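What follows is a single structure, written as structure tokens, with notes after it.
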Amino acid sequence: MATKKGKGIYLVWADVPADMEDDFNMWYNEEHLAELLAIRGVLSAARYVSVSGTPKYLSAYELASAEVRDTPEYKKHLIEPTEWSKKINLGSRATRIIQNNYTQIFPQEVDSEVAASGMAPFLQIGRLSITKDQEKEFNEFYNTVYAPNYAQVPGCIRFRRYTLHEGPGPKYATVYELENERVSQIPEWFEARAKSGGYLGDIFPGMGHDDGSPGVYKKIFEL
């Protein structure tokens, strides 16, 4: 069975002007996603749109490792963009863009079930920072208490935590794979939070969310 997930994930969030959206979506769906999937080490990918949170659009690329984007093969696609990519010129025309390349830190390994799993229908992603003095305790608590309690909620498929390899950040990201957009709004989700001791920011005052985080995203396109 083909490997669909590894130890890296590349997440690209974007807001684009309204008069660009049709061309942007066509370019992504008809050329760009396939272009990246043809690169060795890019295992699977899908596009999402925001249900809550910002930016509006999210592209998620599952990588064998974060270093895939450091390879000559990947860099060739950056320095030799297609004519369509030049026309879209996303880096300059997007009103907001976040391009973060991450390495998985928890679970420490990718088991066979996760490696064989496809792109989730919904993702909830938090882009998080934490002060140095609380970082060690924060990570231990998140890995062993906070996220595992959410993972028991009906409709939560799994969670994975990441640290930044390259990009504007912030340093940490948590990716919850969900069956539907309501999972984090049902009573069991709030019960899981209470079981953990309440809001994470109240437990760790040094923690902060990036603007527009956390966000819930619905899958809109996959190859």
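How many residues are in a loop (DSSP other than H, G, I, E, B) and over 24 Å from Pro154 (Cβ atoms) when one looks only at the stretch 165-188?
Pass one, the stretch 165-188, residues in a loop (DSSP other than H, G, I, E, B): 167-171, 179-182, 186.
Now restrict to residues that are over 24 Å from Pro154 (Cβ atoms): 167-171.
Residues meeting the conditions: 5.
If you check Phe221 against the conditions, is it surrounded by 13 or more Cβ atoms within 10 Å (Cβ to Cβ) and in contact with a helix residue (DSSP H, G or I) (Cβ under 7 Å, 6 or more places away or on another chain)?
Numbers: surrounded by 13 or more Cβ atoms within 10 Å (Cβ to Cβ): yes; in contact with a helix residue (DSSP H, G or I) (Cβ under 7 Å, 6 or more places away or on another chain): yes.
Taking the combined requirement at face value, the residue satisfies it.
Yes/no per residue for (1) farther than 30 Å from Trp27 by Cβ; (2) without any contact (Cβ under 8 Å) to a residue 40 or more places away in the chain:
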| residue | (1), (2) |
| --- | --- |
| Ile79 | no, yes |
| Thr82 | no, no |
| Tyr102 | no, no |
| Glu140 | yes, yes |
| Arg160 | no, no |
| Pro170 | no, no |
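Counting just the residues of the stretch 177-217 that are closer than 15 Å to Gly53 by Cα and without any contact (Cβ under 8 Å) to a residue 60 or more places away in the chain, which one comes out surrounded by the fewest Cβ atoms within 10 Å (Cβ to Cβ)?
That would be Gln185.
Only one residue in Gly126, Gly118 is assigned to a loop (DSSP other than H, G, I, E, B) and out of contact with any helix residue (DSSP H, G or I) (no Cβ under 8 Å at 6 or more places or on another chain), so which one is that? Give the steps one after another, and end with the answer.
Details: Gly126 fails: assigned to a loop (DSSP other than H, G, I, E, B).
After applying the criteria, what remains is Gly118.
Being within 18 Å of the chain's Cα centre (by Cα) and either surrounded by fewer than 16 Cβ atoms within 10 Å (Cβ to Cβ) or not aromatic (Phe, Trp, Tyr) (or both) is true for just one of Val153, Val145, Val110. Which residue is that?
Details: Val153 fails: within 18 Å of the chain's Cα centre (by Cα); Val145 fails: within 18 Å of the chain's Cα centre (by Cα).
Going through Val153, Val145, Val110 in turn, the sole match is Val110.
A short reminder: the numbers here are calculations on the coordinates, not readings from a lab. All of these numbers come straight from a predicted model, not from anything done at the bench. A quick note on method: Cβ atoms are made from the backbone with ideal geometry, for glycine too, and the neighbour counts reach across all protein chains shown.
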